[in-house]
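Please treat every number below as a calculation from the coordinates, not as lab data. Because the structure is a prediction, the values reported are computed rather than measured. Every residue, glycine among them, receives a Cβ derived from its backbone with ideal geometry; neighbour counts consider all protein chains shown.
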Amino acid sequence: MATADPRFNEFILFQAQNAGLFLGQIPHPATGERTVNLRAAKSVIDSLEMLAAKTAGNLTETEEKLLTTALANLRPLYDKAAG
């Protein structure tokens, strides 16, 4: 059974926040502006997808739910931003 590592949850939340920033969902902390950087957003989403594949069967239930929820929320936002 996998053991919980709080750093994993923090990492996933940080990456999801970055993707949200790149998708214009979160204002830039310094400027307050919302901008879209599809290349950066796709890179984050691709990395989270790779992480999900590489850690399959090795996450706690909570970690797996956090990762799958992050991806489920980010993919449609990316698709919408990409038009």
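What is the angle, in °, between the Cα long axis of helix 6-22 and the longest principal axis of the Cα atoms in the chain? Nearest 10 is fine, range 0 to 90.
Approximately 20 degrees, to the nearest ten.
Note down the relative contact order for the chain as a percent, whole number, built from C-alpha pairs under 8 angstrom at least six residues apart. Each step should come with its number before you reach the end.
Details: 80 pairs, mean separation 30.4, N = 83.
Relative contact order comes out at 37 percent.
If I histogram all Cα-Cα distances within the chain using bins 5 Å wide from 0, what percent of pairs lands in each bin?
3, 15, 26, 22, 15, 10, 6, 2, 0
Can you sort Phe22, Phe8, Phe14 by how many other beta carbons sit within 10 Å, fewest first? Each step should come with its number before you reach the end.
On the way: Phe22 24, Phe8 18, Phe14 11.
Fewest-to-most ranking of Phe22, Phe8, Phe14: Phe14, Phe8, Phe22.
Size of the dipole of the chain about the Cα centre, Lys and Arg at +1 and Asp and Glu at -1 on the beta carbon, nothing else charged, in debye to 20?
On the way: 8 positive and 9 negative charges, 59 e Å.
Value, rounded to 20: 280 debye.
What FRET efficiency do you get for Ala4 and Thr68 if R0 is 22 Å and r is their Cβ-Cβ distance, rounded to the nearest 0.05? Numbers along the way, then the final one.
Working: r = 16 Å, r/R0 = 0.74.
According to the calculation, E is roughly 0.85.
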